[in-house]
Amino acid sequence: MTPCGHWVMAMNNRLLAVIDASAHSAFDKLTLHRLPGALPYAGRYRLIDFALSTLRNASIINVAIFPSGNYRSLQDHVGSGKRWNLDRRRDGLFILPPKNLSMPAEDTLSFMRMHEHIEYFRRSTQEYALVMPADIVWNIDFNAVLTDHIESGAQITEIKHQNTRMQTYIISKKELLEYINSYDVIPYQTLNDVVLKKKPLNYNVYDHQGYSKRIRDASTYHRSNLDMLKFEIGTQIFSTEWPILTKEKTAPPARYMPSSDVMNAMIGSGSLIQGTVHNSIIGRDCVIKEGAEVYNSVLMSNAVIEKSAHLNYTVIDKGVVVKRGTVLEGTTTQPFVTQKEQIITTRSNLSVLFAASEAYPYVKTGGLADVVGGLSRALSKKGVNVKVALPLYPQIKRQYQNTYAFHDSMTFSFDGELRKVNVYWLERKKVGFYFLENFKYFERDHLYGYDDDCKRFAFYNRAVVQLLHIIDPVDIVHAHDWHAGLIPRLLKHHHATPPGSLLTIHNIDYQGACGGEVLDALGLPSNPEGINFLEDGILQSTKLSTVSPTYRNELRYEYFGKNLTPALQRRERDFHGVLNGLPSVFSPATDKVILSPYDAPNAFAKTENKLALQKQMTLPMGIHNFVIGMVSRIAEQKGFDLVIGALSHFLGVYTDVQFVLLGTGDEALMERLKQLEKAYPAQVKLNLGYDATEPNHIYAGADLFLMPSRVEPCGLSQMIAMKYGTIPLVRRTGGLADSVTDFDPLSKEGTGFTFYNYDTDALLERLGDAYHTFKEHKDDWRMLVSRVMKADFSLSTQAQKILELYLSIKS
Amino acid sequence: MVLVGGRGTRLDPITRRQAKPAVVFGGKYRLIDFVLSNLTNSQIDTVGILTQYEPHTLMHYIEHGASWDLDLIDGGIQFLTPYTAYEGDQWQKGTAHAIRQHMHFINQHDPENVIILSGDHVYKMDYNAMIEDHKASGAAITIATFTPHDALSRYGVLELDSDGFIQSFEEKPKHPKGTHASMGIYVFKSDALKTILNDNMPEGFDFGKDIIPKALKDAYPVHAYQFEGYFRDVGTIESLYEANMDLIDHPEYLRLNDYKHLPLFTKSSNYPPHHVMLNEPINNALISDGCLIEGTIERSVISPNVAVREKAVVKNCVIEPGVTINENCYLENVYVLADTVIMPGTQIIYDSVQVLDNDTLWALGDGHE
């Protein structure tokens, strides 16, 4: 034991520490400008203080921090490490960022990234290495862990708290170096992989009794902060004997005015309390004005909560101003999260106009229509006044002519001529729809695919901007995809005080790269190089979003962002990822198509659907057969290379595995799939037609849902499969990474099986893991089924995050 | 040069175990923070601190001066302690004497001007303005002055001519002739300082009492720099208490929340933010990190790591660090010294402020009414 007060005691020369400060996407806005380790905590600290202080208290003097992503704030906070006795002549503090910047870094520190700094490990003299994440809140004695490790004689010791794995390991440096040196030939990328997969492995668990929490998303962040208000937890974490140290700041004691009303709150220095604060954490230099109410909230530093504002279950980032009378309400699982330095006002009638080329239920060719239809409705349920402007296609006319009414008409000049647009209007479930009628541009059989698409949608953009002159004012125009990409620019061109704009990128492959004649038609300054609708929207809109947080991060790399990478990098600060929600219609309990509806408590009834699927597909029936399902467009992007490669092995080894695929697409791939079917006729059934069977049979009947996409911005099928209790096996990319967490057989956490490296072996390995879990750990499998069915992918969650973005645009 | 050697006998027992500049102020500060922050805010980066009386708390507190950005390779903070030399013991007999003992420190850095400060004043000041004034007037010595809020007779009183040069100086006069009081802050031309100190020794030891009158007598040009801001010499318990209360009643005086213009730096504690547990009234209070508040606080300054238990009432008090005020206590007009433990149900009400510590409590006996 080395109590801090006697820090002069011997330096710990046996243990070096590696802190994994990798970025990860689950925090969204909170980690837009900082790594998770740099998140402010408990009104005064940063998350990494817990790692650094516990290391200091164990007299550890050689610490390497491996950050990835934007580590400015982290670097600023730790400085020379002096606060934690780490500014040393020998050893001390090392910050070791990734060297390979061309690929997105994984969210866990890999041996490969350690290998980039192999010199650090070679040069250090300590015998053991402690590898830990930067996002744990705890106060632990690492010397006790080291003693336990040595006494156990184990190769690797992991710290657990009440069955939760803390992914904090002690390993001999020699052994760690072996893994690092052979990172490209061993089947383990991280110490976590070693623990899960290496057999035999002498693995020891150290059970830490005290409070321990990994902070992995906004909800755990919020909850853990409020945990500090529980007296026993707070005093144990902020022990005087084993102190948590942080960077010095200058702030006077907090000031309380007579109007203050405070109960169960931790309040940081420099704050001025005039209003009500209950059950909350208030950071440094906050101002809670008279009449403001703060309940169950976490405020970082320099927030100002104005008169009669009301906060409940919120996370307020640094420097945010919540204006008079604003009401922000979150829930325990979904706290309302602001962005840094945002000014938030709500008027009850926040008004938004959607601009999109299609919207459910009026016109639909793809997923965009579903998102626009679902999101507009979910936002209106949250009190937003939503309107949607659509071109009036003949399809809409045919079906809905009797439901909409003439609203107004407008005339403007386009392409050198005056053009007239008739505007029709209807309201559906509290969402207003404007249909813009123009014979020349919109009266076609199909939505897209014409030579003059550029001009058609330029005309649409111009018409939407004109529409704003004849309807009630809106606060924000929410443009979707390239079809609405020029609206942000046109708004500025045609409105003296333009509303704010949000551009959502659903599909970066379609960009609207158009010639200069479009600019001329719109009366914009000409440019012989033409104009890219999506790129222009990216550069001109107030804020940007895309369909998942991970995809948002991936788009910064050329592999994903392609030609738009520079534009997206430029707008990085205003670019957000919001995972699409799943409409509530996807439910096995109300599904009319499947044989036997079921819900989570009665998930065993899923078996009947499995047998029905086998029967329908003429596969050998049996509940012990392992049914792998896929519903997918057949394209290289969806990972069919891997599927074909892995299955041709896997089906041969395990003859009780069955594979069912529904989809159509690329001819060459379909041909190869047919070969697979021919090779395993009793195990593989393909349904490659356009007029295919209902996909719901597969969602309900399969055990495992396969989605090993190379690129997947969001993906809905995995969410649908999960709602139906089918366990997903996905590659950790885009929305797949944000909707599926890897199942960990030790801690039993996770919702599916994931892999990262795009190669057949990685997929094969996880297929094997899934198969063995299904066959040999039936309890685990049942638990997974009931867990995935309860996963929250609601439109309401998506709408909440979009609403948070709107509020940041308005300010 | 910062003088921190004085005993501050009038602050007894607050200063019984520490030098006056180490006294806690405004909850989380110490008096020395003002002069060190002023120095760093004035970009003066070569500082000699002259210590004598009970220096350990202070030296431990200041360390290398990193908290004030004064830990520099060239210059920075140097502690100048009394020493024994070939000529005999050099125990300091007064402020000027102390400076003379460390003339080698001044010679070593060879500055144009030397500013002499005290470590026990409460004020925020940019010394550059004073030094500019000193250079502009061409004076050998410049003295900073202020207009006191209380009796002039407590201070060194200056009489000025129309150009701001000093005609007369009286230390604590019964019938003051002038209207300006000395802040005890002096800028000397280095040469003048050396000459005067060498000429004037050994009969006088003190700047206020001996050196300034002597300089005036010798017809050195002595100028007054009129400081407009808030200034308190907290030489007595009453004035220390009043200055603390000014933080509550007049936050505009010292603007502790202003981090841009003359911020006040301090060495930070390791405590988490304070925790207010119960919904009791807290009116006009300054509460520091690490406190646990269950009781009622009214117009009081609470230092770090203080516990105020259930149903305790703290009114018009200054509470130093580490104090525990147990259940059902009632304190009014009390200045509670560090680490005092007040037993449950203790009621102490003074008409005017009194100091309380474990010893006084012992003398008063348990359950004192």
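The values are calculated or read from the model by the stated rules, or taken from the named source; none is laboratory data. The shown structure was predicted, so the numbers you read here are calculated from the model rather than taken from an experiment. Neighbour counts are summed over all protein chains in view; Cβ atoms, including those assigned to glycine, are modelled from backbone coordinates with ideal geometry.
Consider A:Lys638 carefully, then state whether it is within 29 Å of A:Lys674 (Cβ to Cβ), among the basic types (Lys, Arg) and surrounded by 14 or more Cβ atoms within 10 Å (Cβ to Cβ).
Against the criterion (within 29 Å of A:Lys674 (Cβ to Cβ), among the basic types (Lys, Arg) and surrounded by 14 or more Cβ atoms within 10 Å (Cβ to Cβ)), A:Lys638 qualifies.
Return the pair list, or none, for Cβ contacts closer than 6 Å from residues in region A:68-81 that are more than 17 Å from A:Leu109 (Cβ to Cβ) to residues that are surrounded by fewer than 20 Cβ atoms within 10 Å (Cβ to Cβ), at least 6 apart or on different chains. Correct list of pairs: A:His77/A:Lys247; A:Ser80/A:Asp87; A:Gly81/A:Asp87. How many residues, within region A:97-118, are within 21 Å of the chain's Cα centre (by Cα) and assigned to a helix (DSSP H, G or I)? Looking only at that region, the number is 0. For A:Arg419, the requirement of being surrounded by fewer than 21 Cβ atoms within 10 Å (Cβ to Cβ), under 22 Å from A:Gly715 (Cα atoms) and either in contact (Cβ under 8 Å) with a residue 12 or more places away in the chain or of a type in the set (Gly, Ala, Ser) (or both) is not met. I'd like to know if region A:607-626 contains one or more residues that are assigned to a strand (DSSP E or B) and buried (at least 17 other Cβ atoms within 10 Å of the Cβ). For region A:607-626, residues assigned to a strand (DSSP E or B) and buried (at least 17 other Cβ atoms within 10 Å of the Cβ): present. Screening A:Gly663 with (1) farther than 16 Å from A:His624 by Cα; (2) in contact with a helix residue (DSSP H, G or I) (Cβ under 7 Å, 6 or more places away or on another chain) gives one miss only, at (2).
Could you go through region B:239-261 and let me know if any residue there is of a type in the set (Ser, Thr, Tyr) and either within 14 Å of another protein chain (Cβ to nearest Cβ) or at positive phi (or both). Within region B:239-261 (the criterion being of a type in the set (Ser, Thr, Tyr) and either within 14 Å of another protein chain (Cβ to nearest Cβ) or at positive phi (or both)), the answer is yes, since at least one residue qualifies. Is region A:207-218 home to any residue that is among the hydroxyl-bearing types (Ser, Thr, Tyr), at pLDDT 95 or above and under 30 Å from A:Asn302 (Cα atoms)? Yes.
For the structure I just gave you, tell me whether B:Tyr123 is modelled with pLDDT under 80 and of a type outside the set (Asp, Glu).
no
Residues in region A:246-260 that are more than 7 Å from chain B (Cβ to nearest Cβ) and either farther than 21 Å from B:Leu254 by Cβ or without any contact (Cβ under 8 Å) to a residue 24 or more places away in the chain (or both): A:Thr246, A:Lys247, A:Ser259. For region A:527-550, filtering for residues that are farther than 25 Å from A:Asp738 by Cα and either at pLDDT below 95 or assigned to a strand (DSSP E or B) (or both) leaves 6. The residue that is farthest from A:Asn461 (Cα to Cα), counting only those in region A:524-541 that are small (Gly, Ala, Ser) and buried (at least 20 other Cβ atoms within 10 Å of the Cβ), is A:Ser541.
Being of a type in the set (A, V, I, L, M), under 30 Å from A:Gln540 (Cβ atoms) and out of contact with any strand residue (DSSP E or B) (no Cβ under 9 Å at 6 or more places or on another chain) narrows it down to one of A:Leu564, A:Leu579, A:Leu611, so name that one. One residue alone meets the criteria, A:Leu579. Looking at A:Phe66, A:Phe94, A:Phe121, just one residue is in a strand (DSSP E or B) and surrounded by fewer than 22 Cβ atoms within 10 Å (Cβ to Cβ), and that residue is A:Phe94.
Just to be sure, is A:Ile281 assigned to a loop (DSSP other than H, G, I, E, B), touching a residue at least 24 places away in the same chain (Cβ under 8 Å) and surrounded by 22 or more Cβ atoms within 10 Å (Cβ to Cβ)? So A:Ile281 fails the test.
Among the residues of region A:82-110, the ones that are without any contact (Cβ under 8 Å) to a residue 40 or more places away in the chain and acidic (Asp, Glu) come to 1 in all.
Evaluation of A:Ser301 against the conditions (1) within 13 Å of another protein chain (Cβ to nearest Cβ); (2) crowded, with 24+ Cβ neighbours inside 10 Å shows that the sole unmet condition is (2). Check whether at least one residue in region B:77-90 is touching a helix residue (DSSP H, G or I) at 6+ places or on another chain (Cβ under 8 Å), within 14 Å of chain A (Cβ to nearest Cβ) and modelled with pLDDT of 80 or more, and report yes or no. No, because not a single residue in region B:77-90 is touching a helix residue (DSSP H, G or I) at 6+ places or on another chain (Cβ under 8 Å), within 14 Å of chain A (Cβ to nearest Cβ) and modelled with pLDDT of 80 or more. Evaluation of A:Leu375 against the conditions (1) over 30 Å from A:Leu328 (Cβ atoms); (2) at pLDDT 95 or above shows that the sole unmet condition is (1). The strands (runs of 3 or more DSSP E) found wholly in region A:364-456 and carrying at least 1 residues that are hydroxyl-bearing (Ser, Thr, Tyr) occupy A:405-414, A:417-428, A:431-437. Of A:Gln162, A:Gln167, A:Gln189, A:Gln126, all but one fail to be more than 30 Å from the chain's Cα centre (by Cα) and of a type outside the set (Val, Ile, Thr); the exception is A:Gln126.
Residues in region A:159-190 that are farther than 23 Å from A:Lys213 by Cβ and either in contact with a Leu (Cβ under 9 Å, 6 or more places away or on another chain) or of a type in the set (A, V, I, L, M) (or both): A:Ile171, A:Lys173, A:Leu176, A:Leu177, A:Tyr179, A:Ile180, A:Val185, A:Ile186, A:Tyr188. A:Lys387 meets each of the listed conditions (1) surrounded by fewer than 19 Cβ atoms within 10 Å (Cβ to Cβ); (2) within 36 Å of the chain's Cα centre (by Cα); (3) among the charged types (D, E, K, R) apart from (1).
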